[in-house]
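Undergrad: The structure is given below, and queries will be raised subsequently.
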Amino acid sequence: MKIVMDEESGPKDNRKMSWLPFLRQAYICSGETILHFCFGLYFGAPTVFIPQIRKEANKTEAISLEMESWLSSTITSYSCIPWTIILPIMAYFYGRRAPSILLWTLVLISTMVLLFSTTIMEIVISQIIIGVLPGSTLTVSIMIFTEYTSPKYRGVFLTVKAATFFWGVWVANVIGAYYHWKNIVTVMTVCCVLSSSIILWPESPMWLASKGRFDECAKIHRWLNGQDTNSEKELSCLIKLQKTKLSKNSQNKGIREVLLKYIGVIKLKTIYKPIIFTVLSSLLYICSGKLACSVYAITIIRKITITEEAAYNDMLILDGFTILGMYVGCVLSKYCKRRKILIYTSLTEVLFLFILSLYMYLIKSSIITENQYFTIVLLTIFSTAVSCGPIILGPCICGELAPIKYRSIYFSLSAIVMSTLIATTIKITPVVFENFEMHIFFLLSGLSTSVVIVLVYKYLPETKDKTVQEIQRLLLEGGIEIKEEIAEDEMSVRINGGDSQKNNIAMDLGFLEQKNTLSE
């Protein structure tokens, strides 16, 4: 089934049709957003199905500590690493629809395996297959949200996408707290049905232009963005740039030349510095222990509560405030600078980590008596602080620091590093719980986060309201801040000056068309 686009080629101003571009872009983004919600369901499911399976078997040995560490999204995080390489390659050669359809198919297969699973090994197989989902979220999904949407609506779609993951985690925990965990898989199945619209997508206009299919590119671009003056200007720039690139890159290169080229690209300051900064901003979330609290919420809260029912209720409260904090962080990012939000929220989380550590130590030493409600209040403030800053701004900074050239390589390398960090953290957390008391865990989290805060304060550049050129200059000059100034149009110089990845030119154009950056 093909989607029929407007045949007219000239620009026009039709106010009655002005809402159509938003609806069409929302239609494209809905499939990816629903799958992102599904990823949240997968991420949150182990928190509740591991205790349920143990309870049904009436013994802890039903799932060993070693297997628990693997089932708690560790397998999924490691298995996504190959996909961070495979999916961008598919997107480059076959367009955006091909990897998206493959993604949807594998998510459906994984869901069916999990739905009919009767053994732990079948659950493991399901989690291995679903590794394609986080792999896509870190690579192809970013391409889709930036290439199919206009700068006017891009921030709305990205904000909704970021929040849907934690909504998925929360919904999974709610279902698992009051019903059998297989009901979570039923919701996953519904998500697969709703996201089947991916099959009917048109191809990305940017990819079509990169392959010299300019008539198709123009038709789909106008169908997605309308035919007003700004979108026609963007379309004209896109076609001109791709024609220039195609003429310059007409000569085929051998495999050896291509490999040497990419090895040299990795060594560039514009590649490895943004990756380091991305890791630093993400470590504010990982080192704080919030990731461990999300995955092993029941294990942590069960240590400080009397009943299992209270543990589940407290977990839902924490997840609810995490989601609330993300929306607060979105509002703050609209009006405050990135570094300021990151540093202040991270200092708040460190403060409450130290308070929690001292509180737990005093309880262990029998100096004070534990108050369950006070403990939950401390954890809630800590969770809200993390979600207001590091959780919501980590992906934002990752997108804003993306270099003008070699974006695909940047996103793939960032995804590999981040997936490895997340998977390793989840894997070793049960060992930490087994060998250390809770007050030691919170103390170590506070100390490690403090070190990262110092590095962020010293090195992370400010990206809010900066154009791509200004951000790149900050990276090259090693500065933290530059004076506000009007950026000159360096589009052709910046993009055509080197072998940039063809599959992300539209993202560049979107950035260069406006002063606001990716997250706004």
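The values are calculated or read from the model by the stated rules, or taken from the named source; none is laboratory data. Not measured: the values here are computed from a predicted model. All Cβ positions, even for glycine, are placed from backbone atoms using ideal geometry, and neighbour counts span all protein chains on display.
Undergrad: Does any residue of segment 170-178 turn out to be under 27 Å from Ala311 (Cα atoms), among the aromatic types (Phe, Trp, Tyr) and in a helix (DSSP H, G or I)?
TA: Yes - at least one qualifying residue is present in segment 170-178.
Undergrad: Within segment 338-345, identify whether any single residue is within 30 Å of Ile86 (Cβ to Cβ) and not in a loop (DSSP other than H, G, I, E, B), and answer yes or no.
TA: The answer is no; no qualifying residue exists.
Undergrad: Being at pLDDT below 85 and assigned to a helix (DSSP H, G or I) is the requirement here; does Lys2 meet it?
TA: no
Undergrad: Keeping to segment 184-220, report how many residues are among the small types (Gly, Ala, Ser), closer than 30 Å to Gln52 by Cα and surrounded by fewer than 20 Cβ atoms within 10 Å (Cβ to Cβ).
TA: Final tally of qualifying residues: 0.
Undergrad: Same structure, new question: Counting residues that are at pLDDT 85 or above and more than 18 Å from Leu268 (Cβ to Cβ), which helices (runs of 4 or more DSSP H) fully inside segment 406-520 reach at least 1?
TA: Filter on segment 406-520 gives 407-435, 438-459.
Undergrad: Just checking, how many residues over segment 126-141 are within 17 Å of Ile391 (Cα to Cα) and part of a helix (DSSP H, G or I)?
TA: Looking only at that region, the number is 2.
Undergrad: Let me ask something additional. Kindly indicate which of Ser231, Ser250, Ser210, Ser282 is hydroxyl-bearing (Ser, Thr, Tyr), modelled with pLDDT of 85 or more and out of contact with any Asp or Glu (no Cβ under 9 Å at 6 or more places or on another chain).
TA: After ruling out the rest, the residue left standing is Ser282.
Undergrad: In addition: Confirm whether Ile34 is in a helix (DSSP H, G or I), closer than 23 Å to Ile130 by Cβ and at pLDDT 85 or above.
TA: Spelling it out, Ile34 is indeed in a helix (DSSP H, G or I), closer than 23 Å to Ile130 by Cβ and at pLDDT 85 or above.
Undergrad: So Pro395 passes all but one of these: (1) in contact with a helix residue (DSSP H, G or I) (Cβ under 9 Å, 6 or more places away or on another chain); (2) part of a helix (DSSP H, G or I); (3) more than 19 Å from Leu138 (Cβ to Cβ). Which condition number does it fail?
TA: Pro395 satisfies every listed condition except (3).
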